[in-house]
Every structure is written in C-alpha cells, then in structure tokens.
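Please treat every number below as a calculation from the coordinates, not as lab data. On a predicted model such as this, the values are computed, not experimentally measured, just so you know. Glycine also receives a Cβ, built like all others from the backbone with ideal geometry; neighbour counts cover every protein chain displayed.
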Amino acid sequence: MSPGLPPQWRSSAESGLSMLADTSSVRIPSLISDIPGFPQAQTTFPVRVFKLLGVETLIVTNAAGSLADGLQPGDIMIIKDHVNFPGMVGLNPLCGPNDDKFGPRFPAMSGCYDKGLRCLAMEIAKEHGVASLMQEGVYAMVGGPNFETIAEARLLHRLGVDAVGMSTAPEVVVATHCGLRVFGLSLITNKVVKSYEDKDSVNHEGVLEVGRLRSQTVQQLVTELVSRMEINNNNNTNNAV
Ligand SMILES: O=P(O)(O)O[C@@H]1C[C@H](O)[C@@H](CO)O1
C-alpha cells in the first residue's frame, strides 16, 4: 500500500487488493480473452477438432435481441452476415501466431454464411408452415454480459444490425478460416429497448422462456436441414488434415 494514500481511502483500497489476491473467491477476467465467460480459444477449440475429424459444415444457433421492427420474439432469423464487435477491436480468436495448417493469416470473411444452406432453410421453413417466423438478417456480437443501453441499441440499429447477441461470431470466424461451410440461426428472444419511453426491460429468464417455447421448431428445422444438405467435399479451400 502506498504510504502516501489518504487514511480514509486505505481500508477500501486494501480490501480491494486483498480480494484481487484471493483468486479462490474472485475471478479476475483477462481483458484480452475472457469476456464474458470463457476464453475464445476455449470456445472455438472444438471447431478445429471438428475440422480435423472431417466435419465439413458448422451449424450455429443463438438467442438474440431484435433491433429490426420486423423481427418479433419467437421469430427465427437466418444469419446472413455478422458484425463481430469484439473481433474488430482485437478480441479475435485468430489473434496470435497463425497455424497455416488450418488457414491463411488474413482470411476473407465475405460470404461466410453459406447462401445455398440459407435458401434450403427457407424452403424447409415453407414446407413446415413456419416461413412467417423466418427471415434473413445481420447478427452483431457484442461482448456482454450486460444487455445494451438504449444509446447502444440505437447505434446498432443505425449501423444496420437486425439482431444482437453475445456469441457465435468467434466460432464462425474460426470455421471460415479453416474452410468449413457455415449456417446460423438466431432465435429472437426479445425486442431490444430503443426508446426512453419504453418501460420494457430485457431479462435472462425471458430469454430462456422463449428458447423453451421454440426449441422444437428450431430442432425440426436443423434436423431437416442436416438430412437434406449436400455433402460439400469439394468446397474446402484449406487442407488442415
Ligand atoms: O445463445 P447465446 O449464448 O448467445 O445466448 C444469449 C447471450 C447470453 O448468453 C444470453 C443472455 O440472455 O442469451
């Protein structure tokens, strides 16, 4: 403790320092890799294992809040593209030395959500009578774990984001890097509050509730998609194995 610290500040500063030292009770997040739950290296590791096992397509799902007027809770958004906010400021799972066995140092991300699978999913939705729940849109990943402020929600909306969540982009980046085909769905679990007059507020229980409500529909869509999608042996540009 600095001897120059005013006495009235000492006890809180000391208790803060002792909490930081006691790693058994306090989890200290690393700014680089640990937001909000697990390091990105850990959450994306299975994607490279899939690649090495010969998997060709990654299907991702998430819960997301809607910014688009046309997307209501319970709707299912086919992810057309994403904005990886953490990635854009350096929280990118590809940071660090590149492993050329998996893919190039500077991989392209345009077209990372496969168009053929997006069209097939929409066809399946029509056949199952759930097309009215489905539309394509842009997903943005934010760091979380707090939900958005109203100003943040408005900013995202103005940037062209249709739905916002706290996951998915890192796995998709790693999958695209190693040449996997990707398909993604966002289950819209809530409207993101964009107005200071709005008394609504998002909460995690509500997110889980909508997840339970639509779990069967999402399962049916994904099962049907898997049974009908083409094997894409020739699609991989990178040879990790
Ligand atoms: O599907 P994910 O894990 O992205 O779920 C979202 C983000 C938070 O984990 C949670 C917030 O309610 O939902």
Legend entry - J(HN,Hα) series, the range 154-160, from Karplus relation 6.51 cos²θ - 1.76 cosθ + 1.60, nearest Hz, glycine and proline x: 5, 4, 4, 4, 5, 7, x
Inset, instruction - Amide H neighbours of LYS191 under 5 Å, at least 5 residues apart or on other chains, H built in the peptide plane: list them. - result: SER66
Inset, instruction - Once you have the Cα-Cα distance between LEU159 and CYS119, take 0.36 nm times their residue separation minus that, and quote the gain in nm to one decimal. - result: 11.9 nm
Inset, instruction - Determine the shape class of the range 55-240: with a ≥ b ≥ c the square roots of the Cα gyration tensor eigenvalues, call it rounded for a/c under 1.5, and otherwise prolate if a/b is greater than b/c, oblate otherwise. - result: oblate
Inset, instruction - Can you tell me the FRET efficiency between ALA108 and LYS199 if r is taken as the Cβ-Cβ distance and R0 is 45 Å, rounded to the nearest 0.05? - result: 0.55
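About the Cα centre of the range 55-240, how large is the charge dipole given +1 on each Lys and Arg Cβ and -1 on each Asp and Glu Cβ? Please answer in debye to the nearest 20.
It works out to roughly 180 debye.
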Inset, instruction - Using 0.36 nm per residue of separation minus the Cα-Cα distance, give me the extension gain between LEU53 and ASN98 in nm, one decimal. - result: 14.2 nm
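If you take the beta carbon distance between LEU208 and GLU230 as r and set R0 to 22 Å, what does 1/(1 + (r/R0)^6) give as a FRET efficiency, to the nearest 0.05?
Result of the calculation: an efficiency of 0.05.
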Legend entry - Percent RCO, i.e. relative contact order, over the range 65-223, from Cα pairs under 8 Å lying at least 6 residues apart: 40
Inset, instruction - Filter the cross-link list LYS126/LYS191; LYS51/LYS191; LYS80/LYS101; LYS80/LYS194; LYS51/LYS115; LYS115/LYS191 down to pairs whose alpha-carbon distance in this structure exceeds 32 Å. - result: LYS51/LYS191
Legend entry - Amide proton proximity set for MET134, modelled H, under 5 Å, gap of 5+: ILE76
Inset, instruction - Provide, in order from the shortest bin, the percent of all Cα-Cα pairs of the range 155-203 in each 10 Å bin, continuing until the bin that contains the maximum pair distance. - result: 19, 40, 27, 11, 2
